[in-house]
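The structure appears below as structure tokens.
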Amino acid sequence: MKKTGLFYGVNTKKTAQIGKQIQEAFGTDQVDIVPIEEAWKTDFEHYDNLIVGASTWFDGELPTYWDELIPELVSLDLSGKKVAIFGLGDQAGYPDNFVDGVGILADAFELAGATLVGFTSTEGYDFNKSRAVRNNQFLGLVLDLENQSDLTAKRIAAWVKQLKKEWAE
């Protein structure tokens, strides 16, 4: 497998918990964790495959650490890199901007020339709208720990299996 970096906020409890579960599903020796709070431009360029994750805060915003990094991200040349995004949200509490952070990250990485992978179905979710949806699919793995925590492990396992296949192509 090509070199993979897993970028997320290690200081955010739920996102860090999911990041570690994703790393374990791949195998801890297969994926390097890179704390987004400490990430530099060269960190993104160093890996062939990127997994990036964030919660959506408030009314559809990225956490501060990602928000501050977006201007630098869009200036990178990530051509040839595959990016998979995971996001956490609350579909019952925020049905009008459910996991918008995934869509914001997707836009930034696409502007940098990366190819998005790891799209998942919107079936089984109940929300009104989301920037994370294109062509009736989420732009990555979407998890709702508030309302569907019982589905988290199954969704992670299926997504990791899907990514391994997509990255091999």
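Values of log10 I(q)/I(0) for the range 45-86 across q = 0.17, 0.18, 0.29 Å⁻¹ run -0.54, -0.60, -1.13, by the Debye formula with one identical scatterer at each alpha carbon and no solvent.
Let me make sure I get this right: for the range 11-74, a, b and c are the square roots of the gyration tensor eigenvalues over alpha carbons, sorted descending. Under 1.5 in a/c it's rounded, otherwise prolate if a/b > b/c, else oblate. Which is it? Mind showing how you got there, number by number?
Values: a/c = 2.33, a/b = 1.20, b/c = 1.94.
Oblate, because a/c is 1.5 or more while a/b does not exceed b/c.
The separation of the range 1-44 from the range 94-169, counted between C-alpha centres, amounts to 17 Å. In the chain, the calculated helix contribution to ellipticity at 222 nm averages -11000 deg cm²/dmol per residue, counting -39,500 (n - 2.57) for every DSSP H run with n ≥ 4. Among the listed pairs LYS41/LYS129; LYS20/LYS154; LYS20/LYS165; LYS13/LYS154; LYS129/LYS161; LYS14/LYS129, give every one whose C-alpha distance is greater than 25 Å. Beyond 25 Å: LYS41/LYS129; LYS129/LYS161. Considering the values [x] 8, 26, 30, 23, 9, 3, 1, 0; [y] 9, 29, 29, 18, 10, 4, 0; [z] 11, 45, 37, 7, which represents P(r) over Cα pairs in 10 Å bins from 0, in percent as calculated for the structure under consideration? The value computed from this structure is option [z].
Values quoted throughout were computed directly from the atomic coordinates according to the rules given, and no laboratory measurement underlies them. Quick caveat, the model's predicted, so the values are computed rather than measured.
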